[in-house]
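For reference, the structure discussed in these notes is given below.
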Amino acid sequence: MRTMKSHRFLAPVLSALLLTCVFPTASAQTYRVLHTFAGAQQKDGAYPQGTPLLDAAGNVYGTTQQGGALCGHFTCGTIFMVNTKGAEAVFSFNGQDGMWPSAALFRDSLGNLYGTTMFGGTHNNCLINPTGCGTIFQLNSKGTSIHYYSFAGQPDGGLSQSPLVEVSGSFYGTTYEGGAFGDGTIFAINARGDESVRYNFQGQSDGCQPYTGLTADSKGNLYGVTGSGSCSNGYGSVYEFDTAGNFTVLYAFDGIVGAEPNSSLILDSQGNLYGTTSSGGANGQGTIFELSPGGNGSWLAKALYSFCSAACADGAQPKGPLVRDNAGNLYGVAYGGGNNGRGTVFKLDTSGTLTVLHTFTGGSDGYQPVAGLTMDASGNLYGVTLSGGNFKCNSTSGCGVVFELTP
């Protein structure tokens, strides 16, 4: 573990810190933009892609893939915090501590933030990417960046787009490429910054190139998805990596239940797994699925909802993990569809009825949400969009927004 150059991150603020074709639009919801990204020219972030994180005080944290300081010909990306009054604080990566963070953050009880970056780091000889194979980082409550680990590509993996999950004092995640076979890894890193590869994807029936994070049950078993059944064919799979180090494919998608799962899974108290696929289903535009334990170690899969019904007003190509309330209702975002193809925020209730909570216009409210939602204790939802907002940031697409939605 090595300490990189210190950065201030507004320390005083931080430390305070298919079932139905009917999809009605909720009438009582309130949509509010909390922050509009302005890009590097305004010393701000651009293009948020990770599910936002909420602390007990109501501050919203996240990452932007670009914006911030320059890393050669590109901007390095940022960590941002938006407080309850809409004020923003920005930490900018410098390349050696990472570049292009794309995943959600983990926040510990002391206010330290942890995450991964796709590129950057100290391994300049990374064969996967000349700008580095990515890092695992900590941003402490004083706003100082701690460089935990730089990926080398092989044998440890690289290009991580995975949020971290903590199990027994270590963080676990995935790398999109690298490892012994070049098809990605499951890794662990302890508090000392020692990284180890726990599984090497082989690009066969186990799948390849996992870019979503892992979900842990109460025993420490991990669950995840691969976007394709193998590197040459298939629809993707759900897998388990247990505490004994055994890797098991629980379900291989068939296109009917869905195809190309693209989000971390969520787990309920009965051991059921929920997620989204970006394609497949009844209309070919993605599904919400459930995977339930069956007898003798089997698992039963079903599509709870298929998107793109009735001119796709419900949405298409859902992205990011779902969030589940105490009543069992599921909430998420669709990248496309809606009344103008700019995406939606949706709710799927326990009867299988989907309600559109917000349809993005493509203007100041943003569009193309690719990250999941976070829910507070009152049921308010927080999310980000990849595009839209301030079109002076980028005349083609805008740089995205942070939003709050009261259902």
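Any read-out appearing in this document is the output of simple, stated calculations on the displayed coordinates, not a laboratory observation. This one's a predicted model, so the numbers in the text were calculated from it and none came from an experiment. For neighbour counting, all protein chains shown are included, and Cβ atoms are generated from backbone atoms with ideal geometry for every residue, glycine included.
Write down, largest first, the equivalent ellipsoid semi-axes of segment 293-368 in whole Å, where each equals the square root of 5 times an eigenvalue of the alpha-carbon gyration tensor.
27, 13, 11
Work out the charge dipole of the chain with +1 on the Cβ of Lys and Arg and -1 on the Cβ of Asp and Glu about the Cα centre, then indicate which of ALA191, GLY383, GLY77 is farthest towards its positive end.
It is GLY77.
Using the Kirkwood radius built from alpha carbon pairs, what does the Stokes-Einstein equation give as D for segment 238-358 at 37 °C and 0.692 mPa s, in µm² per second?
Calculated translational D: 226 µm²/s.
Quick one: give the max-minus-min coordinate of the C-alpha atoms of segment 49-170 along each principal axis, largest first, in Å.
Projected onto its principal axes, the Cα set of segment 49-170 covers 43, 38, 23 Å.
What lysines sit close enough to LYS347 to cross-link, taking a C-alpha to C-alpha distance under 22 Å and skipping anything fewer than 8 places away on the same chain?
Reachable lysines: LYS302, LYS319.
Using only the alpha-carbon atoms, what does the chain span along each of its principal axes? Please give whole angstrom values in decreasing order.
Rounded to whole Å, the extents work out to 54, 46, 36 Å.
Aspartates and glutamates near LYS43 by alpha-carbon distance under 13 Å, same-chain residues fewer than 8 away left out - which ones?
Reachable aspartates and glutamates: GLU88.
Which of ALA57, THR406, TYR331 sits farthest toward the positive end of the charge dipole of the chain, with +1 on the Cβ of Lys and Arg and -1 on the Cβ of Asp and Glu?
Result: ALA57.
Could you work out the equivalent-ellipsoid semi-axes for segment 100-259, taking the square root of 5 times each eigenvalue of the Cα gyration tensor, largest first, in whole Å?
Gyration-tensor ellipsoid for segment 100-259: 25, 19, 13 Å.
Tell me, what is the percent relative contact order of segment 105-230, built from C-alpha pairs under 8 Å that lie six or more residues apart?
17 percent
Could you estimate the translational diffusion coefficient of segment 213-258 from the Stokes-Einstein equation, with Rh from the Kirkwood formula over C-alpha pairs, at 10 °C and 1.306 mPa s, in whole µm²/s?
The Stokes-Einstein estimate is 142 µm²/s.
May I ask for the Kirkwood hydrodynamic radius of segment 272-322, worked out over all distinct Cα pairs and given in angstroms to one decimal?
Roughly 11.4 Å, rounded to one decimal.
Using only Cα positions of segment 332-381, each an equal point scatterer, no hydration layer, compute I(q)/I(0) via Debye at q = 0.14, 0.20, 0.28 Å⁻¹ and quote the log10 values to two decimals.
Rounded to two decimals, the profile gives -0.36, -0.70, -1.09.
Translational D (Stokes-Einstein, µm²/s) of segment 197-308 at 25 °C and 0.890 mPa s when Rh comes from the Kirkwood sum over C-alpha pairs?
Roughly 177 µm²/s, to the nearest whole number.
Among 56-66, 262-272, how do they line up from the highest to the lowest mean number of other beta-carbon atoms within 10 Å?
Ranking the peptides 56-66, 262-272 by packing returns 56-66, 262-272.
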